[in-house]
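Single-structure report; data block below.
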């Protein structure tokens, strides 16, 4: 009889342990959105005066890790399909779950500008300060107060710690070659503009698209305009030899 009782107690103990373990384990989750896409992520904040539960799973049946204090922020990892719960990180990096009900949590989207984009904007803005500076083949601004196409690129990139070689042909070997369809602001546009000689002989800085949706670049133009912004129309597009990505991700 004692053996039977002991066996039943062991079975009962295993059942309780199994049930407890199941309650602590989050169920299979369908992610309806992963909020950190590209350079956007979601931040939540506890708006409840008495704090909210930071739990081990997406539901009140899961154990509480701790309370999130009023006003405490957390970063959303993902929202859970079919529930009012989100998987989040707290400020110390601990992963848990919080309710997304508006009376407990408020959310906002944070847009993060990538470092390459910031640097490209800075270089372009700096280059625009020299609009109208005349062109002279072989000129360097420090010595002549003038630019040719490649010394202009060398000068404005150098201001932001990116060292380029002196000529357009040499600059065409720096960085990563990308198709024009993938060009982004800050890329070098290498061109063949002199019909009497074959190969790369000109360079400009791709700026993206203007308000009319046209591709544009800033360059030091040898045709009498000096530093100017040029629309890459069909004539200029035919002259493009390659695109080089100088600013890494």
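Structural remarks
- Between residue 72 and residue 196, residue separation times 0.36 nm minus the direct Cα-Cα distance comes to 37.9 nm.
- Cα→Cβ-extended label distance, 7 Å offset, between residue 61 and residue 212, nm: 6.4 nm
- Neighbour counts of C-beta atoms inside 10 Å place 54, 74, 180 in the sequence 180, 54, 74, starting with the fewest.
- For the pair residue 109 and residue 143, the difference between a 0.36 nm per residue extended length and the Cα-Cα distance amounts to 7.4 nm.
- Modelled label reach - residue 178, point 7 Å along Cα→Cβ, segment 123-161 residues with backbone N closer than 12 Å: none
- Net length gained if the chain between residue 231 and residue 125 were fully extended (0.36 nm per residue, minus Cα distance): 36.4 nm
Rule-based calculations on the coordinates, nothing more; no lab input. The structure displayed is predicted, hence computed values, not measured ones. Virtual Cβ from ideal backbone geometry, glycine too; neighbours counted across all protein chains shown.
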